[in-house]
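The values are calculated or read from the model by the stated rules, or taken from the named source; none is laboratory data. Bear in mind the structure is a predicted one, so any value in this text is a computation, not a measurement. All Cβ positions, even for glycine, are placed from backbone atoms using ideal geometry, and neighbour counts span all protein chains on display. The accessibility values were calculated without ligands, DNA or RNA, using every heavy atom of the protein model including side chains. Shrake-Rupley method; radii C 1.70, N 1.55, O 1.52, S 1.80 Å.
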Amino acid sequence: MSALEPILLTIITASTPLLLAAIGELITERSGVLNLGVEGMMIVGAVMGFAITAMSGSPYLGVVASMFAGMAMALLFGFLTLNLMTNQVATGLALTILGLGLSGMLGEAFIGQPGIKLPVLHIPGLSDIPFIGTVLLSQDILVYISLALVAAVYYFLFKTRAGLVIRAVGDNHTSAHALGYSVLKVRYLAVLFGGACSGLAGGYLSLVYTPQWVEGMTAGRGWIALALVVFASWRPLRLLVGAYLFGAVSVLQFHAQAAGIGLPSQLMSALPYLATIVVLVIISRNQAVTRANTPACLGRPFSPDR
Amino acid sequence: MRKLSKFLVTAALALGLGAGSSVADEALKVGFVYVGPVSDHGYSYQHDLARKAVEAHFGDKVETTFIENVPGGADAERAVERLARSGHDLIFSTSFGFMNPTLKVAKRFPKVKFEHATGFKRAKNMATYNGRFYEARYVMGQISAKASETGTAGYIGAYPIPEVVRGMNAFMLGAQSVNPEFKVKVVWVNSWYDPGREADAAKALVDQGVDVILQHTDSPAPLQIAQERGVLAFAQASDNIKFAETSQASALLNDWTPYYIERVQALLDGTWEPTDTWGGIDTGMVKLAPIRNVSDEVKEAAEATIAKLESGEFEPFTGPIYKQDGTLFLEEGVTITDEQLLGMNFFVKGFDAALPN
């Protein structure tokens, strides 16, 4: 057991930023908006989380800052794509480039400084239970938030009226508009939620995963989150499976390498991608259901006047 | 000014324009191309420190420009070409992956001088330079074998290229000189720079029982994990003691300053030649950060080895050396040639894992 615990802890750490960013993007895409700027929102969240923590001494303030930083980026994206109706793909890519550059500038003063790590929330009694307590109930607040978000998003999307409205807006914005729902308002909220989650994912990187600020530290995780949303066919529970599978395989392949298993390291590094794609494609093999899950208006701009 | 010129070069790159030098000034223009951000606190950061030192040393006589975050391949070619086209006289292209792109540009701009780090292709106007980093790795191997209780170290590599493999082999030879049974677990992350993956790799190694961590990747993440888990670690490219106050045993440091100043001076004097420079601990191009967090005995032994390397009387790769499969690589007393070092694509005896092709 004792050998397994640290491995599981590492897997949770590797999976949480992907899960956080992806669950936000899932809501954004469900409302019909494709925001390819996840990487950019994440990295700005990472630098702001680190900066505010370093200046205030409180990693919790840092978490809040990373969330608002992600939302600010998302607001900009929302204004451009929803109000000015710019191309969502191009704007999303621009947001990523902007985020990478902006974060480098903002973070210049914090290079080479060790950060403060977000503390583990110790739950009296529960955290000491062997295994379950030491692995699952000895986490920092962001891990709990990420798991709670999956449950909340599932419930919200499929069991509440507001969730139905989001899906309606994403599937057929003209009809939703005709029924009297404000498409732009719904999409703004969805985009902001996506930004907040991406920001938190970035904060997780600079406050828990590796408590430091270095330029480009997201290293493509935003793109993995985007891919996870598609391969999970916009379903929250599949997303949870996908994120944890990706995290697990990427950690276990290091263990396999360290144990001297003779597979080429290039193949090992590709394994998380391969395994996640294969598993999620198998889960989503029913094409009719997958098509029904795909937001039909994804990426299409909406103008109330037309 | 530097920021401005950097901005201009970046803008020129973005617009696809050659920034022709409109002002005929007499300052020598020296350009630098980096693979990472100057703020990586590692490899590119060290090159940039040397660039700043060049500016400070020559004052008005030299003007420098840098382009950071350049990936290998076509992007590198564009970056080097922009510098060549915008009137730079000397261009330092600082990553192995820039070798072929730099050579291509060098052929098109015969009047511009090029300097490529860590590669092996030269031309009439293209010199190469590199550090014998493996010398420092040998010392680290000795320290590790003396300090380790489990007799096992973990080594995080970026890619299985000769530059990295050489370091691993030197480390192993250093460790075996103390403990012939010493084990090294190798993990490849297939990236020079991904703090998260580097941290995951370090955790996996510690979970498998190593109590020393080596890295040939660029972020301080493995050091932080070492500090967290209470094992020894060696930093790469910069002294990162702040990240691991009670864990960092030493750090491999690259000091490019003397070389850069020497080369710029040579161009100013008109004595520049396309040389092949390979500097080790003896020339000061490779250094070790102060040795900390080990016993005095370990420290003294390491310093004795460093002194031998400084005087040039000792070569880590001296036979008998056997390859992993047991075949003899170097006969008793024979020292390795630079060609053999450059093409090193095998593990020495003692590694358990196979080297990926």
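Annotations
- The amide H of residue B:219, built 1.01 Å from its N in the peptide plane, has B:194 as neighbours under 5 Å, considering only residues 5 or more places off or on other chains.
- Cβ-based charge dipole, chain B, positive-most Cα from B:30, B:258, B:305: B:30
- With Cα atoms, 0 to 90° folded angle of helix B:99-108 axis to chain B main axis: 20
- Close amide-amide hydrogen proximity is noted between residue A:139 and A:121, each under 5 Å apart and 5 or more residues distant or on a separate chain (H modeled in the peptide plane; Pro and chain starts excluded).
- Alpha-carbon centroid distance for the pair region B:266-326 / region B:152-198, whole angstrom: 18
- For the protein assembly as shown, DSSP calls about 20 percent of its internal beta bridges antiparallel.
- C-alpha center-to-center spacing [region A:29-101, region B:214-258] in angstrom: 31
- Exposure check, 1.4 Å probe, all protein chains in place: residue B:150 carries approximately 80 Å² of accessible surface.
- Listed pairs B:111/B:287; B:107/B:185; B:308/B:349; B:52/B:287; A:117/A:185; B:52/B:146 exceeding 31 Å between Cα atoms: B:111/B:287; B:107/B:185; A:117/A:185; B:52/B:146
- Cα centroid of region B:114-149 to Cα centroid of region A:232-275, whole Å: 33
- Helix B:195-207 and the longest principal axis of the C-alpha atoms of chain B enclose an angle of approximately 10°.
- Of all accessible heavy-atom area on region A:4-222, the percent that carbon and sulfur account for (1.4 Å): 75
- Interface area, A with B, accessible, probe 1.4 Å, both sides summed, Å² nearest 100: 2900
- Rolling a 1.4 Å probe across the protein heavy atoms gives the protein assembly as shown an accessible surface of 39 Å² per residue.
- C-alpha long axis of helix B:133-147 to longest principal axis of chain B, angle in °: 30
- FRET efficiency estimate (nearest 0.05) - Cβ-Cβ, residue A:287 to residue A:164, R0 35 angstrom: 0.90
- Cleavage-rule hits (trypsin sites (Lys or Arg not before Pro)) in region B:58-154: DSSP loop, at most 13 neighbouring Cβ within 10 angstrom: B:111, B:121, B:124
- Residues considered: B:136, B:123, B:50. Largest GNM mean-square fluctuation over chain B, using C-alpha springs under 10 Å, is found at B:123.
- When the helices of the protein assembly as shown are scored as -39500 (n - 2.57) per DSSP H run of n ≥ 4 and the total is divided over every residue, the value at 222 nm lands at -17000 deg cm²/dmol.
- A dipole drawn for the protein assembly as shown from +1 and -1 charges on Cβ atoms has a positive end, and of B:157, A:131, B:346 the residue lying farthest that way is A:131.
- Of the DSSP H helices in chain A, those with a Cα length along their own long axis of 30 Å or more and a mean Kyte-Doolittle hydropathy reaching 0.5 comprise A:4-30, A:183-204, A:236-258.
- Taking the Cα centre of the protein assembly as shown as reference, the dipole from Cβ charges on Lys and Arg (+1) and Asp and Glu (-1) amounts to some 2800 debye.
- Net charge dipole, region B:144-241: roughly 220 debye, given to the nearest 20, about the Cα centre with Cβ charges of +1 for Lys and Arg and -1 for Asp and Glu.
- Look at the dipole of chain A built from charges on Cβ: of A:73, A:193, A:54, the Cα furthest out on the positive end belongs to A:193.
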